[in-house]
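The values are calculated or read from the model by the stated rules, or taken from the named source; none is laboratory data. All of these numbers come straight from a predicted model, not from anything done at the bench. Glycine also receives a Cβ, built like all others from the backbone with ideal geometry; neighbour counts cover every protein chain displayed. The area values use the complete protein model at the heavy-atom level, side chains included, leaving out ligands, DNA and RNA. Shrake-Rupley method; radii C 1.70, N 1.55, O 1.52, S 1.80 Å.
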Amino acid sequence: MKDAGMRIRVEQELRDAFVAACQKLDVPAAQVLREHMKAVVSKVDETGKPTQKRKHGATR
């Protein structure tokens, strides 16, 4: 159930490019953000540390 909102500030150019990319993928921008939030939460345990160690030298 979606019962909370979140307001963030981003550069107009980034927002416009993100919305355009989501439209090309035919997926709502809010859905993409929710999925990313869930992925981040699932990667962090209750101590705030990543649940999986990255390989040495790995970058984001």
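What are the aspartates and glutamates whose alpha-carbon lies under 14 Å from the alpha-carbon of residue 24, with same-chain residues fewer than 8 places away excluded?
Straight-distance partners of residue 24: 16.
Heavy atoms only, probe 1.4 Å: what % of the accessible area of the chain goes to carbon and sulfur, would you let me know?
Carbon plus sulfur share of accessible area: 55 percent.
Suppose each label sits 7 Å from its Cα in the direction of the beta carbon; what would the residue 18-residue 51 distance come out to in nanometres?
For residue 18 paired with residue 51, the spin-label model returns 2.4 nm.
For helix 12-25, report the angle its Cα long axis makes with the longest principal axis of the Cα atoms of the chain; keep it between 0 and 90° and round to the nearest 10°.
Its long axis makes an angle of about 90 degrees.
I want to verify the translational diffusion coefficient of the chain in µm²/s; compute it with Stokes-Einstein, Rh as the Kirkwood radius over Cα pairs, at 20 °C and 1.002 mPa s.
151 µm²/s
In deg cm²/dmol and to the nearest 500, what is the mean residue ellipticity at 222 nm of the chain if only DSSP H runs of at least 4 residues count, each as -39500 (n - 2.57), divided by the residue total?
About -15000 deg cm²/dmol.
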